[in-house]
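Colleague: Just passing along the structure, written as structure tokens.
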Amino acid sequence: MYIGNVMLLVLNLPLVGLWARLTRAPYAIMAPVILILCLIGSYSLRNSTFDMGMTLIFGVIGYFIRKYGWPTAPLVLCGILGPILEKSLVNSLAMSAGSPMILSAAPSALLCLLPQSPCC
């Protein structure tokens, strides 16, 4: 990692002006370049055109989310915390032999189950 950081430092210091000028490129040029790089990146993960299609679909969804002003932070949190929550729920239900009463066993859990609770 030290060698990689030194190489980045050596390459980026002389090119800092070029990187700054890239921010002034017109949108009509940058948007297609970014789209092509995203599609190449999604295809290169598994060499699958399905991944490219999913990239385009989620790009369109992201466009509409931004167009209608919906907040993106809850979606990001769901994407990150959703699998963790699901795994914890499965473990809890497995420990209680499938009984959902384990979710209300502790007083703090009851507070989180209430609508508009202060802890959640």
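Colleague: Which of the residues spanning region 46-62 are open to solvent by 100 Å² or more (accessible area, probe 1.4 Å) and either of a type in the set (Gly, Ala, Ser) or on the phi > 0 side of the Ramachandran plot (or both)?
Modeller: Asn47
Colleague: Further question on the same structure: Here is a check on your reading of the model: is Asn91 modelled with pLDDT of 90 or more and open to solvent by 90 Å² or more (accessible area, probe 1.4 Å)?
Modeller: When the stated conditions are applied, Asn91 does not pass them.
Colleague: So, in region 63-80, of the ones that are in a helix (DSSP H, G or I) and at pLDDT 90 or above, which residue ends up least open to solvent (accessible area, probe 1.4 Å)?
Modeller: So the first thing to find is which residues in region 63-80 are in a helix (DSSP H, G or I), and the list is 63-67, 73-80.
Right, trim to at pLDDT 90 or above and you get 63-67, 80.
Working: Tyr63: 133, Phe64: 86, Ile65: 22, Arg66: 198, Lys67: 120, Ile80: 100 Å².
Checked region 63-80; the qualifying residue least open to solvent (accessible area, probe 1.4 Å) is Ile65.
Colleague: Then there is this: Can you tell me which of Asn5, Asn12 is part of a helix (DSSP H, G or I), among the polar types (S, T, N, Q) and open to solvent by 80 Å² or more (accessible area, probe 1.4 Å)?
Modeller: Step by step, each of Asn5, Asn12 is checked, and only Asn5 is part of a helix (DSSP H, G or I), among the polar types (S, T, N, Q) and open to solvent by 80 Å² or more (accessible area, probe 1.4 Å).
Colleague: When both residues are 6+ apart or on different chains and their Cβ atoms are under 8 Å apart, which pairs have a first residue that lies in region 24-45 and is under 17 Å from Ile57 (Cβ atoms) and assigned to a helix (DSSP H, G or I), and a second that is among the hydroxyl-bearing types (Ser, Thr, Tyr) and open to solvent by 60 Å² or more (accessible area, probe 1.4 Å)?
Modeller: If the second residue must be among the hydroxyl-bearing types (Ser, Thr, Tyr) and open to solvent by 60 Å² or more (accessible area, probe 1.4 Å), the pairs left are Tyr43/Thr49.
The values are calculated or read from the model by the stated rules, or taken from the named source; none is laboratory data. Keep in mind that what you see is a predicted model, and the values were worked out from it rather than measured. Neighbour counts are summed over all protein chains in view; Cβ atoms, including those assigned to glycine, are modelled from backbone coordinates with ideal geometry. Please note that ligands, DNA and RNA were not included when accessible areas were found on the heavy atoms of the full protein model with its side chains. Shrake-Rupley method; radii C 1.70, N 1.55, O 1.52, S 1.80 Å.
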